[in-house]
Amino acid sequence: MTPPIAATILAAGQGSRLGGRPKTALLVDGASLLERLAVALRANGIASVGVVIGPYADTLLPLAARGAIHPLLHPQGNSSLIDSQRLALAAHAQARPDHDLMLLVGDLPLLDAHAVQALVHHWHTRAAGIDILQPVVAGVRGHPVILSAHSAAAANGLPPELGIRDWMQQQRGRVAPFPSDYRAYVTDLDTPEDVEALRRTLHPLTAVSYTHLRAHETGRN
């Protein structure tokens with residue numbers, strides 16, 4: 001029987017290039033990216049959804065509660081992506097060791113239920129011996145990444161300075177790409193220009209805004 005999948009969203013970044021804003025609080029048609037990602041995941045049977053939160057907890061914790069997303073608070077305000085990955089792996093090993101693990105960054109504005117469905121289907125039909133799956137679009141590696149329960153446990157036992165990407169490069173024959181032309185896997189939000197590009201992509205059917213952010217955060221740029 002195929003193990004169920006649990007997911008953890010990595011949302012502990014500073015958002016410095018975005019003017020000091022939490023990326024996952026960006027609103028798309030009135031719903032935050034964090035909540036939209038949880039909806040896309042649960043539409044594909046991924047019931048257990050967590051999120052790693054660093055700074056901006058006052059903004060992101062209410063969103064996590066509203067989306068029934070389990071928060072993992074990072075003790076370091078300036079945590080790196082590797083730090084977030086390590087926290088996610090440790091929490092998964094403790095709470096869901098019998099589940100496969102989907103890891104995804106929180107700033108994937110185009111990742112919808114269809115994109116998640118395609119990745120999950122490819123995971124469930126993967127060749128024997130494949131323990132890690134990553135979407136690849138035009139040669140660019142994207143998110144989410146799926147690790148088998150066995151691989152998630154192995155990664156949790158690695159030295160703390162070693163990230164998932166470095167570790168994957170050591171797993172010859174166990175990592176498989178999921179070739180796709182769906183830009184949702186590689187479209188992220190790092191700068192105000194990325195947000196404007198997203199607005200142009202979604203206009204006029206979808207509204208993108210920061211209106212829900214607190215005044216002291218929206219004034220940081």
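The values are calculated or read from the model by the stated rules, or taken from the named source; none is laboratory data. Given the structure is predicted, the values throughout are model-derived calculations rather than measurements. Every residue, glycine as well, gets a Cβ built from its backbone with ideal geometry; the counts of neighbours run over all protein chains shown. Ligands, DNA and RNA are stripped out before the accessible areas are found, and what is left, the full protein with its side chains, is counted by its heavy atoms. Shrake-Rupley method; radii C 1.70, N 1.55, O 1.52, S 1.80 Å.
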Checklist entry - Identify, please: which residue in region 3-23 is over 21 Å from LEU89 (Cβ atoms) and polar (S, T, N, Q) and is, among those, modelled with the highest pLDDT? => result GLN14
Checklist entry - Among PRO62, PRO75, PRO71, which is the only one that is assigned to a loop (DSSP other than H, G, I, E, B) and farther than 19 Å from LEU147 by Cβ? => result PRO75
Checklist entry - Right, ALA57: of a type outside the set (S, T, N, Q), surrounded by fewer than 22 Cβ atoms within 10 Å (Cβ to Cβ), in contact (Cβ under 8 Å) with a residue 12 or more places away in the chain and in contact with a strand residue (DSSP E or B) (Cβ under 7 Å, 6 or more places away or on another chain) or not? => result yes
Checklist entry - In region 15-64, which residues are more than 15 Å from VAL116 (Cα to Cα) and polar (S, T, N, Q)? => result SER16, THR24, SER32, THR59
Checklist entry - Out of all the residues in region 17-49, which are charged (D, E, K, R) and open to solvent by 30 Å² or more (accessible area, probe 1.4 Å)? => result ARG17, LYS23, ASP29, ARG36, ARG42
Checklist entry - Any residue at all in region 73-85 that is within 25 Å of LEU202 (Cβ to Cβ), in contact with a strand residue (DSSP E or B) (Cβ under 8 Å, 6 or more places away or on another chain) and not aromatic (Phe, Trp, Tyr)? => result no
Checklist outcome for this item: Just one listed residue, out of GLY77, GLY30, is at pLDDT below 95 and touching a Gly at 6+ places or on another chain (Cβ under 9 Å), and it is GLY77
Checklist outcome for this item: Within region 124-150, the residues that are in contact (Cβ under 8 Å) with a residue 40 or more places away in the chain and polar (S, T, N, Q) are GLN134, SER148
